[in-house]
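The values are calculated or read from the model by the stated rules, or taken from the named source; none is laboratory data. Predicted, not measured: the structure shown is a model, and the values here were computed from it. A quick note on method: Cβ atoms are made from the backbone with ideal geometry, for glycine too, and the neighbour counts reach across all protein chains shown.
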């Protein structure tokens, strides 16, 4: 019996038609191709299986099913991301709402079918508890209530400012109540609130502190430790 082909069997440069994977096709033997092409499309279920057999890959899924390979972060960005999580965790006890924190390894399946992994995010505890144990173990089918993204120094790639602005707009459309796009090289922040007559975030120059109110009264984020070199 001949084993069914997988993506690793597709030679470099071969066209990958949109029907290379059908919704019913199992992905137990699927491995990540060396080159991702625009024609490859996955369902959220296929994407989850792909991630399970490629745990070292850092991937997201666009609403149209296209894979997004996230570039590794440099040391400076990684350090800032760690400080972001520390500061956000310290801020939670001051918030009036009960929130659960997630780091950048946590993925979420949004209403539009995309799968996204914010650098940091908060979910209301009551929404988290409303999920079944199975949903919590897998990629949760919800959009975080608050999302935070940290822009890289370069504007290129999926971690650049242009791509992250599109990502913040996607969070808005999928129900995020608040979004903070941090731009360390400019010590600026774009605040993305509920979708109301436009998608562009409100920019704060020389930002040192962020307030979560009115969506999250009492939540404050100290930015100075995050901006530090």
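Odds and ends about this structure:
- Some residue of region 199-209 being at pLDDT below 90, buried (at least 17 other Cβ atoms within 10 Å of the Cβ) and not in a strand (DSSP E or B): yes
Here's the yes/no breakdown for (1) at pLDDT 90 or above; (2) crowded, with 16+ Cβ neighbours inside 10 Å; (3) outside the structural domain of residue 156 (by TED's automatic domain parsing); (4) touching a strand residue (DSSP E or B) at 6+ places or on another chain (Cβ under 9 Å):
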{"residue": "25", "(1), (2), (3), (4)": "no, no, yes, no"}
{"residue": "28", "(1), (2), (3), (4)": "no, no, yes, no"}
{"residue": "35", "(1), (2), (3), (4)": "no, no, yes, no"}
{"residue": "45", "(1), (2), (3), (4)": "yes, no, yes, no"}
{"residue": "53", "(1), (2), (3), (4)": "no, no, yes, no"}
{"residue": "84", "(1), (2), (3), (4)": "yes, yes, no, yes"}
{"residue": "87", "(1), (2), (3), (4)": "yes, yes, no, yes"}
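- Some residue of region 144-159 being free of Cβ contacts under 8 Å to residues at least 60 places away in the same chain, surrounded by 14 or more Cβ atoms within 10 Å (Cβ to Cβ), under 20 Å from residue 48 (Cα atoms) and touching a helix residue (DSSP H, G or I) at 6+ places or on another chain (Cβ under 9 Å): yes
- Residue match in region 71-79 (condition: modelled with pLDDT of 90 or more, surrounded by 13 or more Cβ atoms within 10 Å (Cβ to Cβ), assigned by TED's automatic domain parsing to the domain that holds residue 143 and closer than 26 Å to residue 120 by Cβ): yes
- Region 78-96, residues that are within 17 Å of the chain's Cα centre (by Cα) and closer than 14 Å to residue 223 by Cα: 80, 81, 82, 84, 85, 88
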